[in-house]
Every structure is written in C-alpha cells, then in structure tokens.
Amino acid sequence: MIAQVLVEGLILGILLIGICAFGIRNGAVGMVHLYHQNVKDRCVELGLITHEKISKNSKIFKIVCIPGYLLYILVCVYGINGARDFWSGFWQMFVILSVMNLMDRFLVDDYWVGHTKAWIILGTEDLRPYINSEDKRKKWIAGTVGMAIISVVLAGIAAFVM
C-alpha cells in the first residue's frame, strides 16, 4: 500500500510540474503571479504583462489547481485505495501531499527556478533570487504543516460522511 501511495504522490508532483511547464510555455512571465510583488511590478513597468492579467492568471491557477489536487487525492485515497476511516485516509493523503511538497521544494523551487534559466524574466535579473532563503523557510513550514492540516480536515470530513 505504501508503494502505491508514494506513486500517487509522484503523479501529483508530476501534475504540478506539468502545470508549471504549461504556465511558462511562453516565458516565465506567464507564472509571474507566483513571484514577489517587486518582480510583478517590474514586469508591468516593462510592459510584459498587466496587473489585471497577473490577477487573472493567479485566480485561474488557484481555481484549477487547488480543487484539482484535492479531487485527485480524494479519488486516490477513497476511490482507488479504499480508505474507510480517519487514520487510513489521513496518512495516505499526508504522504501523497508530502511527496508533492518535496517535489515542489526540491525539483521546482531549488532546481528549476533556482538553477535553470527557464524561470528568469528578462529585465528582472537584479531581483533574483526569486525564491530567497526566507521564502524557502516559509514554504517548508507552510508546506509541511499545511499538508498535515489539509489531510486532517479532509480525513475528518470523509470519516464523518462515511
């Protein structure tokens, strides 16, 4: 069972990477809503994008990703894996989300954004690193605690409903 849950986490991480790749397909400015405000402002100053388009992209990203990720883990855990109680639902969701979180931290943030040119927006190079050490610390804490909270809430709701 643990191998299956780990694979499901890998698939979710791959979906995240795919969404990011789609978002930057025409340049990193397509995902500038994930950057700091000073980078967003510079992109607007340079005429690369508008604040309205940044806001729209951010909303679309949240509307697609958050429900999509939640639906994916619920289908995996309860539909495919057959979880029927709080504990089995919790640990499976937490593992799936944690694997995705690790892929996001190491593969996306540290490697892809930090060590390749794919996420560089011309004219904002002086604002790098786009993900600084304070951001990384916050993302690690929020990712770990956030994944646990999401898992507890969803497992609690599912246990109540079942």
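Every number here is computed from the coordinates shown, using simple stated rules; none is lab data. None of the values given here were measured: they were computed from a predicted structure. As a convention, Cβ positions derive from the backbone with ideal geometry for all residues, glycine included, and neighbour counts pool all protein chains shown.
Could you work out the helix-only [θ] at 222 nm for the chain, with each DSSP H run of four or more residues adding -39,500 (n - 2.57) and the total divided by the number of residues, to the nearest 500 deg cm²/dmol?
On the way: 5 runs with 102 residues, N = 162.
Only helices count here, giving -21500 deg cm²/dmol.
Return the subset of K56/K138; K56/K117; K59/K139; K59/K117 for which the Cα-Cα distance in this structure is over 23 Å, preserving the input order.
Numbers: K56/K138 25 Å; K56/K117 25 Å; K59/K139 20 Å; K59/K117 25 Å.
Distance filter (> 23 Å) returns K56/K138; K56/K117; K59/K117.
For the residue pair F160 and I60, what label-to-label distance in nm results when each label sits 7 Å from Cα along the Cα-to-beta-carbon direction?
So the label points at F160 and I60 sit 3.5 nm apart.
Counting other beta carbons within 10 Å of each residue's own, what order do W112, W140, W119, W87 fall into, fewest first?
Numbers: W112 17, W140 13, W119 23, W87 10.
Arranged by neighbour count, lowest to highest, W112, W140, W119, W87 become W87, W140, W112, W119.
Where does the chain land on the Kirkwood hydrodynamic radius, alpha-carbon pairs, in angstrom? Kindly include the intermediate steps, with their values, before the conclusion.
On the way: mean 1/r = 0.0590 Å⁻¹.
That comes to 17.0 Å for the chain.
Anything in the chain that counts as a DSSP H helix reaching 15 Å or more along its axis (C-alpha) with Kyte-Doolittle mean of at least 0.5? List them, would you? Can you show the working numbers first?
On the way: long enough: 2-23 (31 Å, 2.28); 51-74 (34 Å, 0.48); 86-103 (26 Å, 1.32); 133-161 (41 Å, 0.85).
Those that clear 15 Å and a mean of 0.5 are 2-23, 86-103, 133-161.
What nm distance separates the two modelled labels at L122 and K139, each placed 7 Å from Cα along Cα→Cβ?
2.5
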